[in-house]
Amino acid sequence: MKKTFFIIGMLLCGLSLYAQDMKTLFIAMPDSVAPLLTKVNREDCVDFLASNMKAEVKNRFGKVSELKRLTDDYLFLQTTGSSSMEMKLLPLNDSVKALSIDGVEASADNIKNGTYAVARPFNIATDKEVSEVTKDFISFILSEDGQAVVEENGYISQGNTGAFKSTEAEGKIVVAGSSSVTPVMEKLKEAYLAINPNATIEVQQSDSTTGMTSAMEGMCDIGMASRELKDSELAAGLTPTVIAMDGIAVVVNHNNTVDNLTSEQVKEIFTGKLTDWSAAQ
């Protein structure tokens, strides 16, 4: 049986900073961590378990996955009949340490300058036709005011365009996509509407691919993705804009003799290819 074990600490920023328990982390985690399950699948598993029901759901492949155990800091998920995943949430204290990746320390500065590799962009994307009120909202997001909201909520700013002055444009903006980007987008929406009450904003939470598809098909004004856009999405005419970076620290027990991993070793650990720390020395 293939078994993947994750040790997850309170990380640099993003969802990990606000994940106070395993349930919150499990629901909010990027789909890439548990690719067989959608966010709705994960929410259903938690609800079933809370109701003392068997927490089985049909996964993306049409097979059954079951959440067998969930505590404040531990999770055991039977992803398929032959594979499982365990996750353990650890606080960052003297009992654990964050590893360097490719010889680079995990820090906000190193994510900003691009030397720390384990990070992902929070992208918004628009199609060719962008309304005036949508342009105004995007200007706010990228401004000094908007990026202050980004940093206040634990994410890493990519710089700003200066102080914001609204055009006070009117109309409705629909923003759709990534569940990882949604929390900070809700905060940006709240801050923008306090400046421009003429606008209405609806934020629809789903996933990155759905957000990009919705933007391409004109079902939303702004798509959200917690990843780089695919070549096919760019070819379809979407224009991406990075509004924040989400950094991830790889955390181990402080007695572990490993202090550094390569980017490739991180991939091998999280895909189950590397299962013994001696191979990472």
Q | Checking N260 against (1) within 18 Å of the chain's Cα centre (by Cα); (2) over 23 Å from A125 (Cα atoms), the condition it does not meet | A | (1)
Q) Of the conditions (1) assigned to a helix (DSSP H, G or I); (2) touching a residue at least 24 places away in the same chain (Cβ under 8 Å), D246 fails just one. Which one is it? A) (1)
Q. If you scan region 46-79, which residues turn out to be among the hydrophobic types (A, V, I, L, M, F, W, C) and not in a helix (DSSP H, G or I)?
A. M53, A55, V57, F61, V64, L67, L70, L75, F76, L77
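This table checks each residue for (1) over 21 Å from the mean Cα position of the chain (by Cα); (2) more than 29 Å from K230 (Cβ to Cβ).
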position: E43; (1), (2): no, no
position: D47; (1), (2): yes, yes
position: S51; (1), (2): yes, yes
position: K58; (1), (2): yes, no
position: D94; (1), (2): yes, yes
position: G103; (1), (2): yes, yes
position: T115; (1), (2): no, no
Q: Please go through region 44-55 and pick out each residue that is touching a Phe, Trp or Tyr at 6+ places or on another chain (Cβ under 9 Å) and crowded, with 16+ Cβ neighbours inside 10 Å.
A: C45, V46, A55
Q) So which strands (runs of 3 or more DSSP E) stay within region 98-212 end to end and still have 3 or more residues that are in contact (Cβ under 8 Å) with a residue 12 or more places away in the chain and buried (at least 21 other Cβ atoms within 10 Å of the Cβ)? A) 119-126, 171-178
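Condition test on K88, is it assigned by TED's automatic domain parsing to the domain that holds E170 and either assigned to a strand (DSSP E or B) or in contact (Cβ under 8 Å) with a residue 40 or more places away in the chain (or both)?
Criteria not met by K88.
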Q. Condition test on K273, is it assigned by TED's automatic domain parsing to the domain that holds K39, on the phi < 0 side of the Ramachandran plot, surrounded by fewer than 17 Cβ atoms within 10 Å (Cβ to Cβ) and part of a helix (DSSP H, G or I)?
A. no
Q | Single residue of L99, L12 found to be modelled with pLDDT under 75 and either over 20 Å from the mean Cα position of the chain (by Cα) or closer than 23 Å to D259 by Cα (or both) | A | L12
Q | Conditions (1) surrounded by 13 or more Cβ atoms within 10 Å (Cβ to Cβ); (2) at pLDDT 80 or above; number of the one not met by K63 | A | (1)
Q: Please state which one of S278, S226 is within 24 Å of the chain's Cα centre (by Cα) and either among the hydroxyl-bearing types (S, T, Y) or surrounded by fewer than 16 Cβ atoms within 10 Å (Cβ to Cβ) (or both).
A: S226
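The values are calculated or read from the model by the stated rules, or taken from the named source; none is laboratory data. Everything quoted here is computed from the prediction, not taken from an experiment. Note: ideal-geometry Cβ built from the backbone for every residue, glycine included; neighbour counts use all protein chains shown.
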